[in-house]
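Reviewing the structure listed below.
The values are calculated or read from the model by the stated rules, or taken from the named source; none is laboratory data. Because the structure is predicted, anything quoted here is derived from the model rather than measured. Counting neighbours? That spans all protein chains shown, and the Cβs are built from the backbone with ideal geometry, glycine included.
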Amino acid sequence: MSQDDIEATQAPLLDHLIELRQRLIYSFVAILIAFLICFYFAEDIFNILLVPYQEAVAALTPEGAKPSLSLIYTAPHEFFFTQIKLALFGALFIAFPVIAAQIWMFVAPGLYTNERQAFLPFLAATPVLFLSGAALVYFLVMPMGMQFFLGFEQVGGEGKASIQLVAKVSEYLSLIMTLIFAFGLCFQLPVLLTLLGRVGLVSSAGLRRNRKYAIVITFAVAAILTPPDPISQIGLGLPTLLLYELSIWAVQVVERRRAEGEEAERPQTPGKSTS
């Protein structure tokens, strides 16, 4: 290879690295701005995340009594660092459209027109599915899970100690963040399997054939990602299995469209003339 050829290959590589650095800077700036905003409103965001806990307390409070909710922190710096984690958590949510747009602008020029058209629906479906998983945690799984945990409280009396749940702010935030990320990631299953179906790595027949293994793996992953309570594990396992069935249908649609495209591109052989 001549010196001119080497320099010709180095120039595009440097251009790509410069553009990648620019995209990373834009993404970092978006995260930083969102982080500062979320840190300013950290207490309000934390109170919003406490709503499922409040609903669980209200559901178990005797009629006529006023529900009371209190959390504690046991180290001077605990709530401060909790707010930092909460701000970063919110910043990733807010800045995701900017990050996704930067990824798209970096990758899109290297794709063909049909590849860009095929990739865009998956890029749009990713945040929608993640937010669907987060909404399921916020409105259903977390209130039911907190009711389950609060059910172990014990009213004091003769021969019985009073046992009450007084959660730490850091542990509650870690719990709800873990569940939101676990559900959000598992809800990406249709996107992942459909992309694998497009490149031919999986098939709808294979997904149907391996359904029994998918059930075992789903509940094993749910047991790892969620707290050790049946509410959270079943709440993650059942929707994931429904998404697996949706993925089978999506892969089948991809296979049918691919077959139709191959049939349209196949040259038509002229029919034999009969005398």
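Summary of computed values
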quantity: Which numbered condition Pro227 misses (of (1) under 30 Å from Phe96 (Cβ atoms); (2) in a helix (DSSP H, G or I)); calculated: (2)
quantity: Sole exception among (1) surrounded by fewer than 20 Cβ atoms within 10 Å (Cβ to Cβ); (2) in a helix (DSSP H, G or I); (3) small (Gly, Ala, Ser) for Ser247, by number; calculated: (1)
quantity: Residue within region 252-273 that is touching a residue at least 40 places away in the same chain (Cβ under 8 Å), in contact with a helix residue (DSSP H, G or I) (Cβ under 8 Å, 6 or more places away or on another chain), within 22 Å of Val128 (Cα to Cα) and not β-branched (Val, Ile, Thr) present; calculated: yes
quantity: Glu171 being over 21 Å from the mean Cα position of the chain (by Cα) and of a type in the set (D, E, K, R); calculated: no
quantity: Hits in region 94-116 (condition: in contact with a helix residue (DSSP H, G or I) (Cβ under 8 Å, 6 or more places away or on another chain), within 25 Å of Ala182 (Cα to Cα) and free of Cβ contacts under 8 Å to residues at least 40 places away in the same chain); calculated: Phe96, Pro97, Ala100, Trp104
quantity: Selection from region 120-141 of residues that are of a type outside the set (A, V, I, L, M) and in contact (Cβ under 8 Å) with a residue 12 or more places away in the chain; calculated: Phe122, Thr126, Pro127, Phe130, Ser132, Gly133, Tyr138, Phe139
quantity: Those residues of region 38-64 which are surrounded by 13 or more Cβ atoms within 10 Å (Cβ to Cβ) and part of a loop (DSSP other than H, G, I, E, B), in sequence order; calculated: Phe41, Leu50, Thr61
quantity: Pro239 being of a type outside the set (A, V, I, L, M), at pLDDT 85 or above, assigned to a helix (DSSP H, G or I) and in contact with a Leu (Cβ under 6 Å, 6 or more places away or on another chain); calculated: no
quantity: Any pair with Cβ under 9 angstrom, 6 or more apart, that starts in region 26-52 at a residue that is touching a residue at least 40 places away in the same chain (Cβ under 8 Å) and closer than 19 Å to Ile103 by Cβ and ends at one that is part of a helix (DSSP H, G or I) and among the polar types (S, T, N, Q); calculated: Tyr26/Gln102; Ser27/Gln102; Ala30/Gln102
quantity: Answer residue from region 65-84, given it is assigned to a loop (DSSP other than H, G, I, E, B) and not hydroxyl-bearing (Ser, Thr, Tyr) and is nearest to Tyr172 (Cα to Cα) among those; calculated: Leu71
quantity: Condition check for Leu238: surrounded by fewer than 17 Cβ atoms within 10 Å (Cβ to Cβ) and closer than 30 Å to Pro76 by Cβ; calculated: no
quantity: So Gly156, is it free of Cβ contacts under 8 Å to residues at least 60 places away in the same chain, at negative phi and surrounded by fewer than 16 Cβ atoms within 10 Å (Cβ to Cβ); calculated: yes
quantity: Residue that is surrounded by the most Cβ atoms within 10 Å (Cβ to Cβ) [pool: residues in region 186-217 that are within 30 Å of Phe152 (Cβ to Cβ) and touching a residue at least 12 places away in the same chain (Cβ under 8 Å)]; calculated: Phe187
quantity: Hits in region 159-184 (condition: part of a loop (DSSP other than H, G, I, E, B) and surrounded by fewer than 16 Cβ atoms within 10 Å (Cβ to Cβ)); calculated: Gly159, Ala161, Ser162, Gln164, Leu165, Val166
